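The structure appears right after this line, and notes come after that.
The values are calculated or read from the model by the stated rules, or taken from the named source; none is laboratory data. These figures come from a predicted structure and were not determined experimentally. As a convention, Cβ positions derive from the backbone with ideal geometry for all residues, glycine included, and neighbour counts pool all protein chains shown.
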Amino acid sequence: MRTFLAILRDSFREAVDGFVIYIMLILSLLTIAFVACIGYQPVDAEGHLSKSIKNFAVFIPDKGESTAISAVPGVNYEATAIKVNGKDVLFDLEVTSKSDFGLGKAPAIDPFRTAVAGWLKKAYKSEKRKIPAAVLRGGNKGNTSDSTLRDLEVALAPDVSAEEAAAITDEQMVEFIKNQFVAHYGCGDVKVRRRSNPDAGKYVYEVEAINLRGSRGWAHDVSFLHWNIITNNDLPLGLVVHVIEDTIVNGIGGGILLLISVILTSFFIPNMLRKGTLDLVVSKPVGKVQYLLYKYLGGLIFITLVSAITVGGVWFVIGIRSGMWDPRFLITIPALVLSFALLYAFSTVIAVLTRSAIAAMLLTIAFTFGLWLVGYIKKQLDVAKVMEEGNLDTVSSIFDGLNNVLPRYKDLDKLTSKVTSEGAYTPILLRFQDMLIEPPSYVGVLGITFLYIVAFLGLASWRHSTRDG
């Protein structure tokens, strides 16, 4: 342990003398300050609630636990008598149920009761249905022939009998509505009371949603300092925050952090390999491989501290500004460290083979860009396949193969993004994301990444131990 601490102190001295630590800390503070300048303001309650409440027609079966989504035609939701108290919203929810819709072979029954009964059911049938590519793009134009249709797994309408629908109680309807606020807004503190209504097929509820306008599913305007940059929009707060986190930290910001870290730490190993350096650091003999691995671990500890400061600071200021404190964003810290561990292991190999900091730096940058490029092209090809745009099978197969055998640098970003989105998106938005985007395998991504790290370090250790001087 004393030997490791001595080598760690030597690495820290190198970082201080080369101004590495100061540069990284300044960049971290600038990133945190930039994110702190972004403000979030909930949009007008009456206009947004009147539009977004209509999405309650879509629900998640099995009391919100299913991975599928479903809907029953003939149910309309409307918010009236809206009152705002800070971020709390009080209003009347009017549910109009048009009973002239027949579902399959079942007789015409109350669609709202059918939806509640379907929400209670666990088992659901699903099928592959072809969705026009233009619809997935958000438009309604384009060819809708079979060649432009995308297969998606869609839950069928619930198979509910008239007796099951009629047996639905007022308490079950209230629980269904409460769960819809969780599913669509991420708002779990909701009081719902049914009001008597003489109109057949119409249900009226008094609703008090606590902190609804501060929930992750409520649309927010976005500003930077005093300038409004996104206004009059329907983008949920969770989606906006996730885009900022994923872009600034896990995306562009993380890439810049790794790139600068590679450049600034590229001289650690070459400096160590100079004759006599080891004797100046420790008083007792240390094996070559042990010393090399200690220097590698010292670099990882250094980056772990910088990543923790940056990610932790961004998470803190976003929590202060937006009110979202989901800890899953902190998974970005080990994700960044793992990405750097891969790049630093490659840099270590080059440093041992060439004993040149310049070669280690340039080749590692080229290696990083190559991994990023393969991942980026594969991502674009995957989107093109979803949209059925052109015949790209051959090109797609090539890049799928490259992605499978090379370190999963870009896939690690995708996994991190998926984990952080689970804490930012509403349950309904997560279901839509899972329908359109298939995330990479955790075992495949982490397994191959660790294998490459071990292989690089093993090669570096073998070459270092067999080399004279």
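Residues in region 74-96 that are buried (at least 16 other Cβ atoms within 10 Å of the Cβ) and assigned to a loop (DSSP other than H, G, I, E, B): Gly74, Lys87. Kindly evaluate Leu30 against the criterion of being modelled with pLDDT of 90 or more and farther than 28 Å from Gly214 by Cβ. Against the criterion (modelled with pLDDT of 90 or more and farther than 28 Å from Gly214 by Cβ), Leu30 qualifies.
For every residue, the table says whether it meets (1) under 26 Å from the mean Cα position of the chain (by Cα); (2) more than 22 Å from Glu65 (Cβ to Cβ).
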| position | (1), (2) |
| --- | --- |
| Ala162 | no, yes |
| Ile177 | no, no |
| Phe181 | yes, no |
| Cys187 | yes, no |
| Asn197 | no, yes |
| Ala200 | no, yes |
| Leu212 | yes, yes |
| Arg216 | yes, no |
| Asp234 | yes, yes |
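Quick check on this structure: which one of Leu381, Leu402, Leu412, Leu459 is assigned by TED's automatic domain parsing to the domain that holds Leu235, assigned to a helix (DSSP H, G or I) and at pLDDT 90 or above? Working first, answer last.
Values: Leu381 fails: at pLDDT 90 or above; Leu402 fails: at pLDDT 90 or above; Leu412 fails: at pLDDT 90 or above.
Exactly one of Leu381, Leu402, Leu412, Leu459 is assigned by TED's automatic domain parsing to the domain that holds Leu235, assigned to a helix (DSSP H, G or I) and at pLDDT 90 or above, namely Leu459.
Thr96 meets the conditions (1) hydroxyl-bearing (Ser, Thr, Tyr); (2) closer than 16 Å to Ile177 by Cβ; (3) without any contact (Cβ under 8 Å) to a residue 60 or more places away in the chain in every case but one. The failed one is (3).
From the list Ile350, Ile398, Ile333, Ile358, which residue is more than 30 Å from Ala33 (Cα to Cα), of a type outside the set (Ser, Thr, Tyr) and surrounded by 16 or more Cβ atoms within 10 Å (Cβ to Cβ)?
Values: Ile398 fails: surrounded by 16 or more Cβ atoms within 10 Å (Cβ to Cβ); Ile333 fails: more than 30 Å from Ala33 (Cα to Cα); Ile358 fails: surrounded by 16 or more Cβ atoms within 10 Å (Cβ to Cβ).
The conditions single out Ile350.
Within region 195-202, can one find any residue that is surrounded by fewer than 20 Cβ atoms within 10 Å (Cβ to Cβ) and assigned to a strand (DSSP E or B)? The answer is yes; a qualifying residue exists.
On the stretch given as region 201-232, residues that are under 25 Å from Glu171 (Cβ atoms) and either β-branched (Val, Ile, Thr) or in contact (Cβ under 8 Å) with a residue 60 or more places away in the chain (or both) total 13.
Within this structure, Leu330 fails the test of being touching a residue at least 40 places away in the same chain (Cβ under 8 Å), touching a helix residue (DSSP H, G or I) at 6+ places or on another chain (Cβ under 8 Å), closer than 28 Å to Ser347 by Cα and of a type in the set (A, V, I, L, M, F, W, C).
Looking for something in the same structural domain as Ala455 (by TED's automatic domain parsing) and without any contact (Cβ under 8 Å) to a residue 60 or more places away in the chain - is there at least one such residue anywhere in region 340-347?
As a first pass, look at region 340-347 and keep what is in the same structural domain as Ala455 (by TED's automatic domain parsing): 340-347.
This time we only want the ones that are without any contact (Cβ under 8 Å) to a residue 60 or more places away in the chain, so: none.
Within region 340-347, not a single residue is in the same structural domain as Ala455 (by TED's automatic domain parsing) and without any contact (Cβ under 8 Å) to a residue 60 or more places away in the chain.
Checking each residue of region 78-98 against the condition of being modelled with pLDDT under 90 and over 15 Å from Val174 (Cα atoms) gives at least one match.
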